[in-house]
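Structure record follows, encoded as structure tokens.
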Amino acid sequence: MVTSVTNFGRSGAYDWMVQRVSAVVLALYTAFLVGLVLFTPDLTYEVWSALFAKTWVRIFSLLALVALGAHAWIGLWTITTDYIKDGLMRFLSQALCGLVMFIYLIWGVQTLWGL
Amino acid sequence: MLVSVYRYNPESDKAPYMQDVELEIPVGKDLMVLDVLALLKDKDPTLAYRRSCREGVCGSDGMNMNGKNGLACITPMSQVVKDNKLVLRPLPGLPVIRDLVVDMSLFYQQYEKIKPYLQNSSPAPAIERLQSPEDRAKLDGLYECILCACCSTSCPSFWWNPDKFVGPAGLLQAYRFLADSRDTATEDRLAGLDDPFSVFRCRGIMNCVSVCPKGLNPTRAIGHIRNMLLQRAT
């Protein structure tokens, strides 16, 4: 057993599952957005605004944002542990990734419910 | 034919270099790369490489031939030589001891980690532990590994984390014992693999499958281990 204090969950199986489930959520959300853009003839501010005023769209968007955060954390954690061998540099890079994702999440909540 | 071979003697060389040798190859013969190395050594006896059985059983002469890992003794020139040129390098990712000889310690450490021996907590029977032909068949494609390290040293995940990622060779053997009906240490074995590095650092790029000189499939074995870990966790 190789121990690690910085990965998302405590087990590889857990991280693997989160990565797959978040990928499905992101795929569904992408399909939703692309479908919306393709099949809405007149995509004005009013249409966007009315759509994002609906609670289910906000919940779906927030779900996608949380999924993005978890997905990106696991992916970037993997990349940083592969390529950054200096412990301090790796920790700082991972801390920066975590901070950026946290900012995006809070900012996303503010945007979604501030419309 | 032009043979470009990796040379490094830590006692006399500051850095590794490629030595180009023009070699006369006997006409009408499809030599194995190991035979080419013998011709090279005739010219320059200081060249170092490992070899033993010369028939793909011992796994000593794993090396990188024109960019692809394989066993020199069972790789015919017709299969690897391009534009009348052959580039020979040591297995990538492991420390070089000299020329084509690499230090396999990390590779063996990972192999040791998966406890590559049968563990059974029940008392030993008078004669032997029996296994049905069906259960025995589950070990096919797993037990044949000769530990030549061609797969693990072609795997980027193993290059970056050779101390943490078990690597395709070790994981193939891990599954060989997980799949064995006579082994009772399944839970302990899985517990030792359920971290983000040992198994899950495999990204499924299948370099291991592409280079295995015995035609084995470590990626499939890793998939089986992953499924066992997921089922254990649900």
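The values are calculated or read from the model by the stated rules, or taken from the named source; none is laboratory data. Worth saying up front: this structure is predicted, and the values here are computed from it rather than measured. No Cβ is skipped: glycine too gets one built from the backbone with ideal geometry, and neighbour counts run over all protein chains shown. Just so you know, the surface numbers come from the protein's heavy atoms only, side chains and all, with ligands and any DNA or RNA stripped out. Shrake-Rupley method; radii C 1.70, N 1.55, O 1.52, S 1.80 Å.
Looking only at residues in region B:24-64 that are among the small types (Gly, Ala, Ser) and on the phi < 0 side of the Ramachandran plot, which one is surrounded by the most Cβ atoms within 10 Å (Cβ to Cβ)? The residue in question is B:Gly62.
For region B:191-205, the tally of residues that are open to solvent by less than 30 Å² (accessible area, probe 1.4 Å) and either at the interface with another protein chain (Cβ under 8 Å from one of its Cβ atoms) or farther than 13 Å from B:Val166 by Cβ (or both) stands at 10. Residues that are assigned to a helix (DSSP H, G or I) and within 14 Å of chain A (Cβ to nearest Cβ) were ranked within region B:136-157; the one that is nearest to B:Asp195 (Cα to Cα) is B:Ser157. Residues that are open to solvent by 10 Å² or more (accessible area, probe 1.4 Å), more than 13 Å from chain A (Cβ to nearest Cβ) and free of Cβ contacts under 8 Å to residues at least 60 places away in the same chain within region B:158-175 comprise just one, B:Tyr175. A residue that is within 13 Å of chain B (Cβ to nearest Cβ), open to solvent by 60 Å² or more (accessible area, probe 1.4 Å), touching a residue at least 12 places away in the same chain (Cβ under 8 Å) and closer than 20 Å to B:Ser198 by Cα occurs nowhere in region A:20-41.
Taking (1) closer than 28 Å to B:Cys58 by Cβ; (2) outside any loop (DSSP other than H, G, I, E, B); (3) over 24 Å from the mean Cα position of the chain (by Cα) in turn, B:Asp20 satisfies each apart from (1). Looking across region B:180-190, just one residue is closer than 17 Å to B:Leu142 by Cα and within 14 Å of chain A (Cβ to nearest Cβ), and that is B:Arg189. For region A:1-14, the set of residues classified as touching a residue at least 60 places away in the same chain (Cβ under 8 Å) and in a helix (DSSP H, G or I) is empty. Filtered by the rule that a residue be open to solvent by less than 40 Å² (accessible area, probe 1.4 Å) and of a type in the set (A, V, I, L, M, F, W, C), region B:5-23 gives B:Val5, B:Val21, B:Leu23. B:Pro116: under 21 Å from the mean Cα position of the chain (by Cα), of a type outside the set (Gly, Ala, Ser) and in a loop (DSSP other than H, G, I, E, B), yes or no? Yes, satisfied.
Filtering region A:53-79 to residues that are among the aliphatic types (A, V, I, L, M), free of Cβ contacts under 8 Å to residues at least 12 places away in the same chain, open to solvent by 40 Å² or more (accessible area, probe 1.4 Å) and farther than 11 Å from A:Gln94 by Cα leaves only A:Ile59. Of all the listed residues (A:Ala72, A:Ala50), the sole one being under 20 Å from the mean Cα position of the chain (by Cα) and in a helix (DSSP H, G or I) is A:Ala72. Of the residues making up region B:24-48, those that are more than 24 Å from the chain's Cα centre (by Cα) and under 20 Å from B:Leu71 (Cβ atoms) are B:Ile25, B:Lys29, B:Asp30, B:Leu39, B:Leu40, B:Lys41.
Restricting attention to region A:82-115, the residues that are of a type in the set (Val, Ile, Thr) and in contact (Cβ under 8 Å) with a residue 12 or more places away in the chain add up to 1. Out of the residues in region A:68-89 meeting the condition of being more than 29 Å from A:Val109 (Cβ to Cβ) and not polar (S, T, N, Q), tell me which one is nearest to the other protein chains (Cβ to nearest Cβ). Restricting to residues being more than 29 Å from A:Val109 (Cβ to Cβ) and not polar (S, T, N, Q), the top hit is A:Asp82. Could you give me the residue pairs with C-beta distances under 9 Å whose first residue belongs to region B:211-234 and is within 10 Å of chain A (Cβ to nearest Cβ), whose second residue is open to solvent by 50 Å² or more (accessible area, probe 1.4 Å) wherever it lies, and which are 6+ apart or on separate chains? Pairs that qualify, where the first residue is within 10 Å of chain A (Cβ to nearest Cβ) and the partner is open to solvent by 50 Å² or more (accessible area, probe 1.4 Å), are B:Arg226/A:Trp16; B:Leu229/A:Trp16; B:Leu230/A:Trp16; B:Leu230/A:Met17; B:Arg232/B:Glu187; B:Ala233/A:Tyr14; B:Ala233/A:Met17.
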